[in-house]
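Take a look at the structure set out below.
The values are calculated or read from the model by the stated rules, or taken from the named source; none is laboratory data. These numbers come from a predicted model, not from an experiment. Cβ: placed from backbone, ideal geometry, glycine included. Neighbour counts: every protein chain shown. Calculation scope for accessible area: heavy atoms of the full protein, side chains included, ligands and nucleic acids excluded. Shrake-Rupley method; radii C 1.70, N 1.55, O 1.52, S 1.80 Å.
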Amino acid sequence: VRSSARAEGTASQTMEALNAMTAAEAADAFVKCCGSPEFGRRMAAARPFSSFDDVLAASRKVWYDCPVAEWELAFKAHPRIGDVSKLKEKFASTASWCEGEQSAAQASMDDATINELAEWNRRYEEKFGRVFLICASGKPANVILAALKERYPNEQDVELRNAADEQQKITEIRLEKLRADLTAKL
């Protein structure tokens, strides 16, 4: 019972810390989770949150209510799957979060898979005008490559929604990382 009460107290303190941020601080924190400035502003405005479940519910509503232009900005905040050097260079503020998300893919890549993934990434970008977006956490490279090939024939509107759904999955993982960072500072 004591550890349960302590966990509830910590969760409450974490929400208090999130709610106590200035609007600008909160917006910046949420942008790091998603990549869309509008998402960050809307999430900051949606506070106060009483629980992490409320944060997740708000993120889903806010994300799907954002204009497509904001989705595209969020998509641009992602490196190609497997391109960790670009990730570290371009996205220094979230590089450690992103690198961990791609660790299973990185660990499972051989030269043939790397070359095939690069080719299919190029094709996808030419067709859709954006990087292939997938929630890569825990997925080996061959699973990611299979998903890329499976989604490639999609129409633009279908693939836009697929990318938005994958972005929301990634955002939820990063919101969890934000929560962990806030809790660690208590």
List the residues of the stretch 154-184 whose backbone N lies under 18 Å from a point placed 7 Å from the Cα of R123 along the Cα-to-Cβ direction.
154-156, 159-160
Give the accessible area for R41 in Å² (nearest 10); use a 1.4 Å probe, count only protein heavy atoms, and leave out ligands, DNA and RNA.
130 Å²
For the stretch 107-186, what is the Kirkwood hydrodynamic radius in Å, using each pair of distinct C-alpha atoms?
14.0 Å
Report the label-to-label distance for Y152 and A20 in nanometres (one decimal), using points 7 Å from each Cα along the Cα→Cβ vector.
5.2 nm
